[in-house]
1. Using alpha carbon centroids, what distance separates region 86-165 and region 1-55, in Å?
2. Going by alpha carbons, how many degrees (0 to 90, nearest 10) lie between the helix axis of 52-62 and the longest principal axis of the chain?
3. Counting only C-alpha contacts under 8 Å and six or more residues apart, can you give the relative contact order of region 73-179 as a whole percent?
4. What distance in nm separates the simple spin-label points at L155 and F57, each placed 7 Å from Cα in the Cβ direction?
5. Take a quick pass over region 7-177 and tell me how many lysine pairs come in under 26 angstrom between Cα atoms, counting only ones 8 or more apart or on separate chains.
6. Fewest first, what order do F103, F172, F129 take by the number of other Cβ atoms within 10 Å?
7. On C-alpha positions alone, give me the angle between the axis of helix 23-34 and the longest principal axis of the chain, in degrees, nearest 10.
8. Given charges of +1 on the Cβ of Lys and Arg and -1 on the Cβ of Asp and Glu, with all other atoms neutral, how large is the dipole of the chain about its Cα centre, in debye to the nearest 20?
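Any read-out appearing in this document is the output of simple, stated calculations on the displayed coordinates, not a laboratory observation. Quantities reported herein were computed from a predicted structural model and do not represent experimental measurements. Here the Cβ positions follow ideal geometry from the backbone for every residue, glycine too, while neighbour counts run over all protein chains shown.
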Amino acid sequence: MEKRAVRRIAIMIGSLSDLPQCIKGLGYLRLLVSRGEVMVVEIIVNSIHRNTDDVIFNLKRLEQRVDVLIVGAGWANHLTGMVDAILRYKMRNDHIVVVGVAFDDENDRAHTQAACLSITEVPGHQVRFRGYVGTDGFLSACEFAAKGKLPEIKLPEAKRVEYFQLDEAIAFYNNVIAKS
């Protein structure tokens, strides 16, 4: 019988205020680590808005060290989509599976909804998100990261960058977009 390689997991969250929603899942991972079933490489707290360069630096550090990266944030949760975009488009990484978690804001449901939509409504992303919201969602994300069947990552083609002067943009719109 062939022995399965130990799955290597890292966690990145946007704020220390998100940590309480992680404790249940971290306890689950601790149990699996004690059994030798997974390895938790690192837990990183960094904001895509306030620590953009640090996020990129940390992804480069993790690139060859992890199989799954659980990424969670609350409110608008730009962290999850940006991590996926940096891995795929900037680093051309087709190995690390990103599992997204939307942290719950019990005081403002709109923040929770925004966190969910910021994961699900990003075009072309490859983030795994199966309703992973709040404490129980983080636990479910940990269970998937540890034992789920990881999807194949396909590196997408970048979109072409367009540059226009003001009149050129208006002409392009009138000649191409408005006529279609």
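1. So the two Cα centres are separated by 15 Å.
2. The angle comes out at about 50 degrees.
3. On the way: 128 pairs, mean separation 32.2, N = 107.
It comes to 30 percent, rounded to a whole number.
4. Inter-label distance under the simple model: 2.6 nm.
5. 10
6. Working: F103 27, F172 13, F129 18.
So the residues, fewest neighbours to most, are F172, F129, F103.
7. Relative to the chain, helix 23-34 is tipped by roughly 60 degrees.
8. 760 debye
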